[in-house]
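**Q** Got a structure here, written out as structure tokens. Questions coming.
Read the figures in this text as sums done on the coordinates, not as results from a lab. Quick caveat: nothing in here was measured; it's all calculated off a predicted structure. Counting neighbours? That spans all protein chains shown, and the Cβs are built from the backbone with ideal geometry, glycine included.
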Amino acid sequence: MVGLTVGVLALQGDVPEHVAALERAGARTVLVRRPGELARVDGLVLPGGESTVIDQLLRLFELRDPLRRLIREGLPVYGSCAGLVLLADRLEGGAEDQQTLGGLDIVARRNAFGRQADSFEADLDWDAASGDGYAEGGGRGPLRAVFIRAPWIERAGDGVEVLARLPQRDVAGRPLAVGAGRIVAARQGKLLATAFHPELVGDTRVHQLFVRMIEG
Ligand code: GLN
């Protein structure tokens, strides 16, 4: 694959897992902790973690303003879980003073699944949504998605492409207590967001999609 360099924001969260997934998807990776490091990347991953902490560290490390500008200028960014929260233009359930970077015309509901379902797994119909030339060889069936105190996308603007919704049941066949049918993956322009953690399951289709969005 071509010499793409994808940054992983390395302030907090599951950074090594994204590095590994990106490298399996054919990208070179670099950790981003300083504003100057943003200049070297063709795209950036905002990992899962705790969005309130990442928000505060973004401000402390003076990454917030440059990153907002780069997003406006079209830098490809993929946000997973807490990263989805950070990409949302509007947030419900945020902590006091919590800010997002914005860019994606969605309302994200933070910690949407509540206590009874803090973490669960579901199989998503991924290829149907992203198969328009992205899933090489026609796709590989359901995408195992891990949700850990995840957000969902409460509303998405007209310019947002919905890539996946939650099914009715989890992987064990139990009906979801909440969230069935909710939007859990979307993209708009060069921005991609998933409420779940593909970096944890060894299936690189989401990272491959992001690499192709950067190349496109
Ligand atoms: N609940 C976290 C938040 O609001 C996200 C959890 C995660 O990234 N796994 O940031």
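**Q** For Leu4, what residues show an amide H to amide H distance below 5 Å, using hydrogens built from the backbone and excluding near sequence neighbours?
**A** The list, which skips near neighbours in sequence, is Arg28.
**Q** Determine the relative contact order of the chain: mean sequence separation of Cα pairs under 8 Å and six or more apart, normalised by residue count, in whole percent.
**A** 20 percent
**Q** Please report, for the Cα atoms of segment 160-216, the Rg to one decimal and the Dmax as a whole number; what are they, in angstrom?
**A** Radius of gyration, then largest Cα-Cα span, for segment 160-216: 13.0, 39 Å.
**Q** Also: First select every other residue whose beta carbon is under 11 angstrom from the beta carbon of Val178; then total the charges, Lys and Arg +1, Asp and Glu -1.
**A** Net charge in that neighbourhood comes out at +3.
**Q** If I model a spin label as a point 7 Å beyond the Cα along the Cα-Cβ vector, how far apart are those points for Ala39 and Gln168 in nm?
**A** 5.6 nm
**Q** Oh, and also: With the dipole of segment 1-130 worked out from charges on the C-beta (+1 for Lys and Arg, -1 for Asp and Glu) around the Cα centre, which of Val30, Leu104, Pro16 lies farthest toward the positive end?
**A** Val30
**Q** Residue by residue through segment 71-88, which ³J(HN,Hα) values in whole Hz follow from phi under the Karplus form 6.51 cos²θ - 1.76 cosθ + 1.60 (θ = phi - 60°), with glycine and proline marked x?
**A** 4, 4, 7, x, 4, x, 9, 10, x, 10, 6, 4, x, 4, 4, 5, 7, 6
**Q** Continuing with this model, one more query. Using a Förster distance of 25 angstrom, determine the FRET efficiency expected from the C-beta separation of Asp158 and Val178, and round it to 0.05.
**A** FRET efficiency, Asp158 to Val178: 0.45.
**Q** Under 5 Å between amide H atoms, partner at least 5 residues away or on a different chain: which partners does Asp170 have, H built in plane at 1.01 Å?
**A** Hits under the 5 Å cutoff: Leu176.
**Q** At 25 °C and a viscosity of 0.890 mPa s, what translational diffusion coefficient does Stokes-Einstein give for the chain, taking Rh as the Kirkwood radius over Cα pairs? Give it in µm²/s as a whole number.
**A** My calculation gives 145 µm²/s for D.
**Q** With +1 on each Lys and Arg Cβ and -1 on each Asp and Glu Cβ, how big is the dipole of segment 34-178 about its Cα centre, in debye rounded to the nearest 20?
**A** The calculation lands at about 280 debye.
**Q** List the longest stretch of the chain that has no exposed loop site; here a site is one of the GluC sites (Glu not before Pro) assigned by DSSP to anything other than H, G, I, E or B, with at most 14 other Cβ within 10 Å.
**A** The answer is 97-216.
**Q** What is segment 42-98 by shape, rounded, prolate or oblate, if you read a ≥ b ≥ c off the alpha carbon gyration tensor as root eigenvalues and call it rounded for a/c under 1.5, prolate for a/b larger than b/c, and oblate otherwise?
**A** It comes out prolate by the Cα gyration axes.
**Q** Can you report the principal axis dimensions of segment 13-120 using only the alpha carbons, biggest first, rounded to whole angstrom?
**A** In descending order, the Cα extents are 40, 30, 24 Å.
**Q** Post the alpha-carbon centroid distance, segment 142-216 to segment 29-85, in whole angstrom.
**A** Comparing the Cα centres of segment 142-216 and segment 29-85, I get a distance of 19 Å.
**Q** All other residues with a Cβ under 13 Å from the Cβ of Leu57 taken together, and with Lys, Arg as +1 and Asp, Glu as -1, what is their net charge?
**A** Residues near Leu57 contribute +1 overall.
**Q** On alpha carbon coordinates alone, what is the Rg over Rh value for segment 1-67, Rh being the Kirkwood radius?
**A** Taking Rh as the inverse mean 1/r over Cα pairs, Rg/Rh reads 0.97.
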